[in-house]
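Notes follow once the structure below has been shown.
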Amino acid sequence: MSTQAAGASHPVGLSIVVPVYRGAATVGTLVAELSKLTPEGGIEIVLVNDGSPDNSGDVCRELARTATVPLTYIEHARNFGEHNAVMTGLRHARGAFVITMDDDLQNPPEEVIKLYDHARRGGFDVVYTRYAVKEHEGWRNIGSRFANWVADQLMDKPKGLYLSSFRCMSALAVAEVVKYRGPYPYVDGLLMQVTQRLDSIEVKHFARAEGRSNYTLRRLIRLWLNLATNFSVLPLRLAVLAGVAMGVLGLFAAAYVIFEALVGETPSGWASLMTVTLLIAGVQFLILGVLGEYVGRAFMSANGKPQGVVRQVIAAKDPPA
């Protein structure tokens with residue numbers, strides 16, 4: 001067994017952190033199924049209501065009152081995003097290991113013990129899950145694959161490791177991740193900066209029990225931007241390379257025009273000039289956009305934009321010893 005098993009410094013062996021958004025119809029079933037589990041060292045559940053517009057808050061407060069296992073309820077003052085909600089949950093988790101999972105029942109609760117035991121017995125700091133078949137919509141699967149490809153290019157992670165929100169982390173990894181206080185967290189990027197003791201296992205993946213995915217194209221783009229601009233300077237380097245490439249192209253174009261003039265031909269006219277001008281202008285605006293994204297995020301961080309604002313916390317009621 002790993003030396004990180006539950007002990008005096010960790011009241012429970014396993015904490016389950018669940019960000020809740022439009023989850024009123026499913027979170028009760030999820031908590032009921034998780035409450036049946038008996039992991040070594042015990043279990044606690046941490047629900048983070050990320051400004052959900054439905055009655056998720058009422059449902060979660062009732063769950064906190066009636067739960068048969070220790071359950072902490074945290075309510076954000078507004079919607080800050082999934083990764084921000086996860087960070088808030090991690091700060092309230094007390095387990096020797098922490099599993100994060102969604103509230104939509106696509107990750108079957110019975111896989112929790114499998115994931116926990118693999119991390120605990122193998123001594124891993126982070127264990128991700130991968131799916132033989134993903135029951136997401138087609139565009140969402142494409143977006144996930146693209147996000148993982150971007151992560152392969154930008155982050156110090158094993159190539160091909162699938163980054164999923166259903167993951168298990170050791171208390172050591174969690175303690176380091178929650179030190180980040182910036183307004184744009186990307187949990188997987190933070191984990192890659194903490195440890196390389198990583199692994200993954202295959203688990204089942206079900207179709208959504210209720211509703212539709214809360215991840216819109218806009219949210220996915222914001223997630224990619226968090227990954228690209230918070231954990232890598234590669235976009236800036238690519239902007240430099242683009243500028244150098246356009247400069248070299250400009251030199252060749254200028255040499256060609258001079259050559260045409262020397263041999264007595266009329267230099268190419270308006271169409272070619274406008275083409276080159278528009279091409280160079282497009283690259284310049286692209287570079288300015290990349291620079292602006294970095295500067296804007298630095299400004300928002302320096303300006304104190306909060307990672308999350310907690311309106312209410314209902315602490316877990318531990319069972320009698």
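The values are calculated or read from the model by the stated rules, or taken from the named source; none is laboratory data. The model shown is predicted, which means the values in this text are computed figures rather than measured ones. Glycine gets a Cβ as well: all are built from the backbone with ideal geometry, and neighbour counts include every protein chain shown.
Would you mind finding the one in ALA85, ALA119, ALA96 that is in contact with a strand residue (DSSP E or B) (Cβ under 8 Å, 6 or more places away or on another chain) and under 17 Å from GLN312 (Cβ atoms)?
One residue alone meets the criteria, ALA85.
How many residues are under 10 Å from the mean Cα position of the chain (by Cα) and without any contact (Cβ under 8 Å) to a residue 24 or more places away in the chain when one looks only at the range 162-189?
Going through the range 162-189 one residue at a time, the tally reaches 0.
Need pairs with beta-carbon distance below 6 Å; first residue within 15 Å of VAL244 (Cα to Cα) and within the range 262-285, second in a helix (DSSP H, G or I) and modelled with pLDDT of 75 or more; sequence gap 6+ or separate chains.
Pairs found: VAL283/ALA242.
For the range 13-36, how many residues meet the condition of being surrounded by fewer than 17 Cβ atoms within 10 Å (Cβ to Cβ) and within 24 Å of LEU172 (Cβ to Cβ)?
Of the residues in that region, 0 qualify.
Can you pull out the residues in the range 37-56 that are of a type in the set (S, T, N, Q) and either outside the structural domain of LEU115 (by TED's automatic domain parsing) or surrounded by 15 or more Cβ atoms within 10 Å (Cβ to Cβ) (or both)?
The answer is ASN49, SER52, SER56.
If the requirement is being assigned by TED's automatic domain parsing to the domain that holds GLU176, closer than 29 Å to HIS118 by Cα and without any contact (Cβ under 8 Å) to a residue 12 or more places away in the chain, which of these qualifies: ALA32, ALA85?
Answer to the check: ALA32.
Out of VAL48, VAL69, report the one residue that is farther than 23 Å from ALA119 by Cα and either in contact with a Ser or Thr (Cβ under 9 Å, 6 or more places away or on another chain) or outside any helix (DSSP H, G or I) (or both).
VAL48
May I ask you to verify whether VAL59 is buried (at least 16 other Cβ atoms within 10 Å of the Cβ), assigned to a helix (DSSP H, G or I) and assigned by TED's automatic domain parsing to the domain that holds ARG181?
Answer is yes for this residue.
Select the helices (runs of 4 or more DSSP H) contained entirely in the range 93-178, then report the ones holding at least 3 residues which are modelled with pLDDT under 90 and surrounded by 16 or more Cβ atoms within 10 Å (Cβ to Cβ).
Of the helices (runs of 4 or more DSSP H) lying wholly inside the range 93-178, those with at least 3 residues that are modelled with pLDDT under 90 and surrounded by 16 or more Cβ atoms within 10 Å (Cβ to Cβ) span 138-154.
Somewhere in the range 250-272, is a residue at pLDDT 70 or above and under 28 Å from GLU293 (Cα atoms)?
yes
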